[in-house]
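Asks: Please find one structure pasted underneath; my questions will follow.
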Amino acid sequence: ANAIFSGLPTTVFEEMSGLARTLGAINLGQGFPDDPGPEAVRAKAADAVLNGYNQYPPMAGLPELRQAVAAHYDGAQDLDLDWASEVTITSGATEALAASFLALIEPGDEVVVFQPFYDAYLPLIRRAGGVPRLVRLEPPHWRFTRAMLEAAFTPRTRLIVLNNPMNPTGVVLPDEDLALLAEFCVAHDAVAVCDEVWEQVVFSGAQHRPLIAFPAMRERTVKIGSAGKMFGLTGWKVGYLCAAPGLTHSLARAHQFLTFTTPPNLQTAVAWGLANAGDWFRDMPRALEASRDRLAEGLRREGFTVLPSQGTYFLSIDLTASGIAEADRAFCLRAVKEAGVAAIPVSAFYETDPVTSIVRLCFSKADATLDEGVRRLARAR
Ligand code: PMP
Ligand code: GLN
């Protein structure tokens, strides 16, 4: 077994969800909604399974979905994507990430990654031969500076990976930070792999801006999205890659040997959902914002210090600031075993010098679940 993978623990999401399942705990760990998702989109998938085509779709994805993705971004972000040469459908954002790293990294290339990172990045980058250069962010603001980027970028930098809006921190980057990143990418001739799966889940006061829209980034950005997040159907694993034709050509070569394709019925349903979204992309984040506020207020009433969240399904509590001396992982293990509530220790998303006082909680849940979660967390104090 290769050391890069065999040395890894089970991903923290499966570890904590496994404990929640075994112990019958409320799961505020892994990020998924507890409602079934938009019925019309699910009905479309069911109809496509029963009455549609169930053989291999085209390798790059169904044209109707690629067109719907391009049209969605034309309307939502004023991006002018050519669906035929710039959009590739993948089996989730996870496959899009793997395809990006396989296609764009040569052994020895350096890849700038912010930590806390989404946990799939480093193992995939390393297995592709990349050498991660980590930029360490800290609570409560998780901001990076020019000096931090200067320390991370070198003449060997080939890629940067940006997750915006950022999981697990809930940060949505302001324009000035994105402009700074763009400046470094251009100066180092680096490609930006932008994991923007959370772009539709952004709350009042924040605005998501895609890095691909910044000057000179159009030709050097791979933009990744996921229907799982767009429609709250996280098990569907329908994602996509948007990039200029030259990049898309390389990405498609990797995609063809990873999964080749993605279930056609789910692609049909996502295409329909994008074309018939109506007020969904306005109402969905509003409902989640109310859930965020409900969980945050409940936690504050119980004496927890809650960090701001501008987007994603997540908010964080700061244990130290809440007067809890325990480290995040110990707290989470105790909370799931003794109080019956699962959460995610943010130290799992660091490789070096982890911040150990932050616990991530998922608020895409029914009010009653959030209220009971607060009661149980209060018992774990
Ligand atoms: N990137 C980030 C930042 C995520 O939060 C997730 C899912 N939680 C993914 C990628 C994976 O998306 P998918 O399920 O579409 O593979
Ligand atoms: N993206 C989800 C989260 O952050 C979980 C993904 C997974 O389970 N691998 O909670």
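Asks: Select from segment 15-31 the residues that are without any contact (Cβ under 8 Å) to a residue 12 or more places away in the chain and surrounded by 11 or more Cβ atoms within 10 Å (Cβ to Cβ) and write down the one among them that is farthest from ligand 2 (Cβ to nearest atom).
Replies: 21
Asks: Output the number of residues of segment 189-203 satisfying the condition of being assigned to a loop (DSSP other than H, G, I, E, B) and either within 18 Å of residue 242 (Cα to Cα) or modelled with pLDDT under 95 (or both).
Replies: 6
Asks: Do the conditions hold for residue 34, that is, is it charged (D, E, K, R) and away from ligand 2 (no atom under 16 Å from the Cβ)?
Replies: Answer is no for this residue.
Asks: Next question, about the same structure. Residue 68: buried (at least 16 other Cβ atoms within 10 Å of the Cβ) and touching a Lys or Arg at 6+ places or on another chain (Cβ under 9 Å), yes or no?
Replies: Against the criterion (buried (at least 16 other Cβ atoms within 10 Å of the Cβ) and touching a Lys or Arg at 6+ places or on another chain (Cβ under 9 Å)), residue 68 does not qualify.
Asks: Just to check your reading of the model, which residue among 222, 186, 172 is closer than 27 Å to residue 90 by Cβ and in a strand (DSSP E or B)?
Replies: 222
Asks: Here is a follow-up. Of the residues in segment 1-21, how many are aliphatic (A, V, I, L, M), under 17 Å from residue 121 (Cβ atoms) and at pLDDT 95 or above?
Replies: Total meeting the criteria: 1.
Let's see how each residue does on (1) within 16 Å of ligand 1 (Cβ to nearest atom); (2) under 15 Å from residue 94 (Cβ atoms); (3) of a type in the set (A, V, I, L, M):
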{"residue": "192", "(1), (2), (3)": "yes, no, yes"}
{"residue": "202", "(1), (2), (3)": "yes, no, yes"}
{"residue": "217", "(1), (2), (3)": "no, no, yes"}
{"residue": "232", "(1), (2), (3)": "yes, no, no"}
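Asks: With 326, 338 as the choices, which residue is under 25 Å from residue 18 (Cβ atoms), in a loop (DSSP other than H, G, I, E, B) and assigned by TED's automatic domain parsing to the domain that holds residue 26?
Replies: 326
Asks: Another question about this same structure. Please enumerate the residues belonging to segment 149-169 that are in a helix (DSSP H, G or I) and over 23 Å from the mean Cα position of the chain (by Cα).
Replies: Hits for segment 149-169 are 150, 151.
Asks: Of the residues in segment 107-148, how many are within 19 Å of residue 96 (Cα to Cα) and among the aromatic types (Phe, Trp, Tyr)?
Replies: Count: 4.
Asks: Show the residue pairs that are 6+ apart or on different chains and have beta-carbon atoms under 6 Å apart, the first residue being within segment 109-121 and assigned by TED's automatic domain parsing to the domain that holds residue 152 and polar (S, T, N, Q), the second being more than 11 Å from ligand 2 (Cβ to nearest atom) and part of a strand (DSSP E or B).
Replies: Filtered contacts from segment 109-121: 115/134; 115/136.
Asks: Okay, moving on. Can you spot a residue in segment 26-36 that is at pLDDT 95 or above, in a helix (DSSP H, G or I) and in the same structural domain as residue 338 (by TED's automatic domain parsing)?
Replies: Looking through segment 26-36, none of the residues is at pLDDT 95 or above, in a helix (DSSP H, G or I) and in the same structural domain as residue 338 (by TED's automatic domain parsing).
Asks: Do the conditions hold for residue 248, that is, is it more than 18 Å from residue 312 (Cα to Cα) and in contact (Cβ under 8 Å) with a residue 60 or more places away in the chain?
Replies: Criteria met by residue 248.
Asks: Scanning for something touching a strand residue (DSSP E or B) at 6+ places or on another chain (Cβ under 9 Å), within 16 Å of ligand 2 (Cβ to nearest atom) and modelled with pLDDT of 95 or more, does segment 238-248 turn up at least one residue?
Replies: Yes; the residues of segment 238-248 include at least one that is touching a strand residue (DSSP E or B) at 6+ places or on another chain (Cβ under 9 Å), within 16 Å of ligand 2 (Cβ to nearest atom) and modelled with pLDDT of 95 or more.
Asks: Let me ask something else about it. Scanning for something farther than 23 Å from residue 58 by Cβ and surrounded by 19 or more Cβ atoms within 10 Å (Cβ to Cβ), does segment 75-84 turn up at least one residue?
Replies: no
Asks: Checking the conditions here, which among 93, 99, 103, 128 is within 16 Å of ligand 2 (Cβ to nearest atom), closer than 21 Å to residue 250 by Cα and among the hydrophobic types (A, V, I, L, M, F, W, C)?
Replies: 93
Asks: Of 243, 227, which residue is within 27 Å of residue 72 (Cα to Cα), surrounded by 18 or more Cβ atoms within 10 Å (Cβ to Cβ), within 16 Å of ligand 1 (Cβ to nearest atom) and in the same structural domain as residue 163 (by TED's automatic domain parsing)?
Replies: Testing whether each residue is within 27 Å of residue 72 (Cα to Cα), surrounded by 18 or more Cβ atoms within 10 Å (Cβ to Cβ), within 16 Å of ligand 1 (Cβ to nearest atom) and in the same structural domain as residue 163 (by TED's automatic domain parsing) leaves just 227.
Asks: Output the number of the condition that residue 73 fails; it satisfies all remaining conditions of (1) part of a loop (DSSP other than H, G, I, E, B); (2) in contact (Cβ under 8 Å) with a residue 60 or more places away in the chain.
Replies: That leaves (1) as the condition not met.
Asks: With aliphatic (A, V, I, L, M), within 15 Å of ligand 1 (Cβ to nearest atom) and crowded, with 20+ Cβ neighbours inside 10 Å as the only criterion, which of 211, 181 stands out?
Replies: Step by step, each of 211, 181 is checked, and only 211 is aliphatic (A, V, I, L, M), within 15 Å of ligand 1 (Cβ to nearest atom) and crowded, with 20+ Cβ neighbours inside 10 Å.
The values are calculated or read from the model by the stated rules, or taken from the named source; none is laboratory data. Since this is a predicted model, take the numbers as computed values, not measurements. Heads up, the Cβs are rebuilt from the backbone with ideal geometry, glycines too, and the neighbour counts pull from every protein chain shown.
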